[in-house]
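**Student:** Attaching a single structure in structure tokens format; questions to follow.
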Amino acid sequence: MDIYEDILHTYWGYPSFRGIQRQIIDSIGAGRDTLGLMPTGGGKSLTFQVPAMAMDGVCVVITPLIALMKDQVMHLRERGISAAAIHAGMSRQEIVVVLENCIFGGCKLLYVSPERLASDLFQAKLKHMRVSFITVDEAHCISQWGYDFRPHYLRIADIRKLKPGVPVLALTATATPQVVDDIQQRLGFAEPNVYRMSFERKNLAYIVREAPDKNEEMVHILRAVAGSAIVYVRSRKRTKEIAAMLCGQGIGATHFHAGLDIAIKDQHQQAWQQGEQRVIVATNAFGMGIDKPDVRVVIHYDCPDSIEAYFQEAGRAGRDGLKAYAVLLYDQSDRRKLDKRIIDNFPDKDYIRDVYEHLAYYYQIGVGSGGGHTFSFEIDKFCHTYHYFPIQVDASLKILQRAGYLVYETDPDASARLMFLLGRNELYRLEQTSPEEEAAITALLRNYGGLFTDYVYIDESLIAQQSGLTPHQLYYVLKSLSQRRIVHFIPQRKTPYITYLQDREDVERVVLAPSVYEERREQFAMRIHALLAYAENHEVCRSRQLLDYFGETRSDDCRCCDVCIAQSKQSYSEGELQMPISRIRALLDDGGRHPITDLLALNLPKRLLDAALRTMVDEEIVWMEDGEIFLSE
């Protein structure tokens, strides 16, 4: 057993690697810049965690998912692996302690959000670290041609200059051939070096269902397919409405979107993950870093903006390897809605310049001033003042950000802060505190110093865990203590902000170059049209369509998508299917559940058996669940 397999077995208990994990590990272990393309659930984390344990120094892991980095750090520590994370919400002193620990060899994996890379503190400390290699998770975010471009990722190239001899491991689950090339160029790869794992998901059936009444079709699917489910919608308001509608139909459901209070989000997510609610209705803010392998169906009520987004969200079904379904509900209005998104995401240039000018009026910034200043931004108030629509304003500000005029931060991670208003002695003499309040106070004092002299950033999930409360309960306990003037609690803030990167320009001098506007508009339109083509193509296997988009050519069909099922049925007449249907019914006539493999004993040609079986499933004569088949009641 070599060192990598020894680490894998010792810390994770697995006997061997799977897929392309070992190839990626050998490549980064040899000091080569490496790009790994692995679908959701392919085991990306082991490709950097295992070699990090085998190599001297600390592996710096750059990821935009703060919830995921906290989760991975926790699990690594449970395995006896030294890991840490730095992110917005930590105090300067806490960050210094973590970075110093990395310098002196007390940490093997350091997780950091891309926003932290530009800080002087991080860069100063990084110079003194012995870094084994740099891992870039969600690497497609560095590509301006990717569907989820994030400007902060461009700073990774600067970090490479501070550590010129350190190799980079880039990982992504969704990248077209153009994005693959762009990732390597922007990360400064010494030479092209890509390892690809097939994106094929044999256990996942892709279905496009033309549905004039989407509610009716969704309810039908959820009643036909047992198990946990995700329903994706575009509108925050619709998450709550659809969840309520499903509950009214006797289907347990909750909802999730980025605008919910953090305690409510945690409560809803936990209810779904622990099986208290079967369905979670969510916007695309939900799913990244969520580890629930037994999702049986993902339904897209509304179309996403791209094949990449659809593939990633649909891929959250069936990560346990068992049969699962990804269903896209589609009607004729969807084409019009998708075409309108092109206009909404790329307003006319004069409109964008108009937004830039009114932003200056809003903040009272004169021409030639404002550079370096940061302002909170309430988009609804701005739109009401100047008679704009929020969608186009949001898009205009993102384009102005790409053009270098400002930073538009829509989802700041401003963690909760707290300070005690009573002295320590007064606190101990308190009476009439509930057991929940006492537990919260005790957990705060155990975990944080300086609470009596200044505001301290707190991790609400940690305090909730240690005080035996749910996050929802803790939130209201802290609000109660704040109202009683025992503490001052400032909940997590999600207000967007705008920072002027340069002094305000006269509107006629605002330049929106082709690389910022026309080229990106064309790319966005291409992604929209690719999604439309997928939804409206009823001739080519769904899996083949998706794989082809990502540059993976396949000659065989999946035989389980709606296209393949329809074509399989068309191959046989109703009369030809009567005999196999009768034999399947006779096999199942005892009323019990049979392994699907029992059908092989019928000695029928595979295509005939498949066609008969699909007909029986579609007509709800039989049900299939967890690898078993049985007659419906």
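**Student:** Leu608 is checked against (1) surrounded by 16 or more Cβ atoms within 10 Å (Cβ to Cβ); (2) assigned to a helix (DSSP H, G or I); (3) within 31 Å of the chain's Cα centre (by Cα) and fails just one. What number does that condition carry?
**Tutor:** Condition not satisfied by Leu608: (3).
**Student:** If I filter the stretch 460-467 for residues that are open to solvent by 40 Å² or more (accessible area, probe 1.4 Å), assigned to a loop (DSSP other than H, G, I, E, B) and of a type outside the set (Gly, Ala, Ser), do I get at least one hit? First the steps, then the outcome.
**Tutor:** From the stretch 460-467, those open to solvent by 40 Å² or more (accessible area, probe 1.4 Å) are 461-462, 465-466; that's our starting set.
Now restrict to residues that are assigned to a loop (DSSP other than H, G, I, E, B): none.
Taking every residue of the stretch 460-467 in turn, none turns out to be open to solvent by 40 Å² or more (accessible area, probe 1.4 Å), assigned to a loop (DSSP other than H, G, I, E, B) and of a type outside the set (Gly, Ala, Ser).
**Student:** Among (1) without any contact (Cβ under 8 Å) to a residue 24 or more places away in the chain; (2) in contact with a Ser or Thr (Cβ under 6 Å, 6 or more places away or on another chain), there is one condition His220 misses while meeting the rest; what is its number?
**Tutor:** (2)
**Student:** Right, next: If only one of Tyr356, Tyr362, Tyr388 is out of contact with any Leu (no Cβ under 8 Å at 6 or more places or on another chain), assigned to a helix (DSSP H, G or I) and not basic (Lys, Arg), which one is it?
**Tutor:** Tyr362
**Student:** Follow-up. Could you please tell me which pairs satisfy a Cβ distance under 7 Å, a separation of 6+ or placement on different chains, a first residue in the stretch 96-111 that is of a type outside the set (Asp, Glu), and a second residue that is open to solvent by 30 Å² or more (accessible area, probe 1.4 Å) and assigned to a loop (DSSP other than H, G, I, E, B)?
**Tutor:** Ile103/His128; Gly106/Ser82; Cys107/Ser82; Lys108/Ser82
**Student:** Is it the case, given these coordinates, that Ile280 is assigned to a loop (DSSP other than H, G, I, E, B), of a type in the set (A, V, I, L, M, F, W, C) and buried (at least 16 other Cβ atoms within 10 Å of the Cβ)? Working first, answer last.
**Tutor:** Working: assigned to a loop (DSSP other than H, G, I, E, B): no; of a type in the set (A, V, I, L, M, F, W, C): yes; buried (at least 16 other Cβ atoms within 10 Å of the Cβ): yes.
No, not satisfied.
**Student:** Within the set of pairs 6+ apart or on separate chains, which have a first residue in the stretch 45-71 that is under 22 Å from Asp6 (Cα atoms), a second that is open to solvent by 10 Å² or more (accessible area, probe 1.4 Å) and among the basic types (Lys, Arg), and C-beta atoms under 7 Å apart?
**Tutor:** Ala52/Lys108; Met53/Lys108; Asp56/Arg130; Gly57/Arg130; Val58/Lys108; Val58/Arg130; Cys59/Lys108
**Student:** Check Ser82, Ser45, Ser16, Ser27 and return the single one that is hydroxyl-bearing (Ser, Thr, Tyr) and within 19 Å of the chain's Cα centre (by Cα). Write out each step before concluding.
**Tutor:** On the way: Ser82 fails: within 19 Å of the chain's Cα centre (by Cα); Ser16 fails: within 19 Å of the chain's Cα centre (by Cα); Ser27 fails: within 19 Å of the chain's Cα centre (by Cα).
So the residue among Ser82, Ser45, Ser16, Ser27 that is hydroxyl-bearing (Ser, Thr, Tyr) and within 19 Å of the chain's Cα centre (by Cα) is Ser45.
Residue by residue, here is whether (1) buried (at least 20 other Cβ atoms within 10 Å of the Cβ); (2) in contact with an Asp or Glu (Cβ under 7 Å, 6 or more places away or on another chain); (3) part of a helix (DSSP H, G or I); (4) hydroxyl-bearing (Ser, Thr, Tyr) holds:
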position: Arg18; (1), (2), (3), (4): no, no, no, no
position: Gln23; (1), (2), (3), (4): no, no, yes, no
position: Thr40; (1), (2), (3), (4): no, no, no, yes
position: Leu46; (1), (2), (3), (4): yes, no, yes, no
position: Pro51; (1), (2), (3), (4): yes, no, yes, no
position: Asp56; (1), (2), (3), (4): no, no, no, no
position: Cys59; (1), (2), (3), (4): yes, no, no, no
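**Student:** Residues in the stretch 308-317: is at least one of a type in the set (Asp, Glu), closer than 25 Å to Met624 by Cβ, open to solvent by less than 40 Å² (accessible area, probe 1.4 Å) and touching a His at 6+ places or on another chain (Cβ under 9 Å)?
**Tutor:** Taking the stretch 308-317 first, the residues of a type in the set (Asp, Glu) are 308, 313.
Within this subset, residues satisfying the condition of being closer than 25 Å to Met624 by Cβ are 313.
Now drop any that are not open to solvent by less than 40 Å² (accessible area, probe 1.4 Å), which leaves 313.
Those left that are additionally touching a His at 6+ places or on another chain (Cβ under 9 Å): 313.
Yes, the stretch 308-317 has at least one match.
**Student:** At pLDDT 90 or above, under 30 Å from Leu260 (Cα atoms), open to solvent by less than 20 Å² (accessible area, probe 1.4 Å) and in a helix (DSSP H, G or I) - does that describe any residue in the stretch 493-504?
**Tutor:** no
**Student:** Restricting to the stretch 248-268, give me the number of residues that are outside any helix (DSSP H, G or I) and surrounded by fewer than 16 Cβ atoms within 10 Å (Cβ to Cβ).
**Tutor:** Looking only at the stretch 248-268, we keep the residues that are outside any helix (DSSP H, G or I), and these are 249-261.
Okay, now just the ones that are also surrounded by fewer than 16 Cβ atoms within 10 Å (Cβ to Cβ), so 249-250, 252, 258-259, 261.
Number of matching residues: 6.
**Student:** Next question. Given the criterion touching a helix residue (DSSP H, G or I) at 6+ places or on another chain (Cβ under 9 Å), of a type in the set (Val, Ile, Thr) and either open to solvent by less than 50 Å² (accessible area, probe 1.4 Å) or assigned to a helix (DSSP H, G or I) (or both), identify the matching residue among Val516, Val540. Steps first, please.
**Tutor:** Numbers: Val540 fails: either open to solvent by less than 50 Å² (accessible area, probe 1.4 Å) or assigned to a helix (DSSP H, G or I) (or both).
That would be Val516, the only listed residue that is touching a helix residue (DSSP H, G or I) at 6+ places or on another chain (Cβ under 9 Å), of a type in the set (Val, Ile, Thr) and either open to solvent by less than 50 Å² (accessible area, probe 1.4 Å) or assigned to a helix (DSSP H, G or I) (or both).
**Student:** Quickly run through the stretch 91-115 and pick out the residues that are among the charged types (D, E, K, R) and surrounded by fewer than 20 Cβ atoms within 10 Å (Cβ to Cβ).
**Tutor:** Just the residues of the stretch 91-115 that are among the charged types (D, E, K, R), to begin with: 92, 94, 100, 108, 115.
Within the stretch 91-115, Arg92, Glu94, Glu100, Glu115 qualify.
**Student:** Turning to a different aspect of this structure: Looking at the stretch 374-386, is at least one residue among the basic types (Lys, Arg), under 20 Å from Ala513 (Cβ atoms) and at pLDDT 90 or above?
**Tutor:** There is no residue in the stretch 374-386 that is among the basic types (Lys, Arg), under 20 Å from Ala513 (Cβ atoms) and at pLDDT 90 or above.
**Student:** Go through Ala525, Ala533, Ala443 for me and flag whichever is without any contact (Cβ under 8 Å) to a residue 60 or more places away in the chain, in a helix (DSSP H, G or I), under 30 Å from Ala309 (Cβ atoms) and open to solvent by less than 70 Å² (accessible area, probe 1.4 Å). Even if it seems obvious, please write down each step before you answer.
**Tutor:** Numbers: Ala525 fails: without any contact (Cβ under 8 Å) to a residue 60 or more places away in the chain; Ala443 fails: under 30 Å from Ala309 (Cβ atoms).
When all the criteria are applied, what remains is Ala533.
**Student:** While we're looking at this one, here's another question. Quick check on the stretch 416-434. Is at least one of its residues crowded, with 17+ Cβ neighbours inside 10 Å, under 33 Å from the mean Cα position of the chain (by Cα) and over 30 Å from Ser480 (Cβ atoms)?
**Tutor:** The answer is no, given that none of the residues of the stretch 416-434 is crowded, with 17+ Cβ neighbours inside 10 Å, under 33 Å from the mean Cα position of the chain (by Cα) and over 30 Å from Ser480 (Cβ atoms).
The values are calculated or read from the model by the stated rules, or taken from the named source; none is laboratory data. None of the values given here were measured: they were computed from a predicted structure. Cβ: placed from backbone, ideal geometry, glycine included. Neighbour counts: every protein chain shown. Side chains are part of the model used for accessible areas, which takes the heavy atoms of the whole protein and leaves out ligands, DNA and RNA. Shrake-Rupley method; radii C 1.70, N 1.55, O 1.52, S 1.80 Å.
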